Amino acid sequence: MRLFILLIVAVLLLGCLGTAKEPLPPLDVPKEYIVMENPVPHTDASVAQGKRLYAIYCTVCHGEMGEGKGEFEKSLGKRPGDLTRAIHERTDGELYYVTMKGFKKEMLPYENLLKPEEIWHLINYMHTLS
């Protein structure tokens, strides 16, 4: 019986180790953005606006659920960021900066396509993806 219990514990521990996720890539974000808070209140109207913008600009790469499983995943050569993780591991200011300026050559900057308020609406919607 003791051997059986040890075997079950070992299987559970190995299962937990196998599900560990790699850390998100480091960002080069200015300090003023890291501490920046979203000035747009998280309301139903803001989330609806963010959802509309997300469908237009983000779904094709990040997928409907934000997990990085969009239509372009295979053609990009690298899986886009998982927003369901980023929303918990990044500040709103970091998400704003990356959306505005882009990320390396992997994500286009949206500062010329979206107004600042629209980016904040997107971030409010991203919080619903987790």
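Observations
- Exactly one residue out of Lys101, Lys69, Lys78, Lys74 is surrounded by fewer than 18 Cβ atoms within 10 Å (Cβ to Cβ) and at pLDDT 90 or above, and it is Lys101.
- For region 17-34, the candidate set comprises residues that are outside any helix (DSSP H, G or I) and surrounded by fewer than 10 Cβ atoms within 10 Å (Cβ to Cβ); within that set, the residue that is modelled with the lowest pLDDT is Thr19.
- Top-ranked residue in region 35-66 [being among the β-branched types (Val, Ile, Thr), more than 17 Å from Met100 (Cα to Cα) and not in a loop (DSSP other than H, G, I, E, B); ranked as modelled with the lowest pLDDT]: Val60
- Residues located in region 73-117, provided they are in contact with a Gly (Cβ under 8 Å, 6 or more places away or on another chain), assigned to a helix (DSSP H, G or I) and of a type in the set (D, E, K, R): Glu73
- Output for region 118-128, where each listed residue is assigned to a helix (DSSP H, G or I) and either farther than 18 Å from Arg79 by Cβ or modelled with pLDDT of 95 or more (or both): Glu118, Ile119, Trp120, His121, Leu122, Ile123, Asn124, Tyr125
The values are calculated or read from the model by the stated rules, or taken from the named source; none is laboratory data. Keep in mind the model is a prediction, meaning the values are calculated, not measured. Note that we place each Cβ from the backbone using ideal geometry, even for glycine, and neighbour counts take in every protein chain shown.
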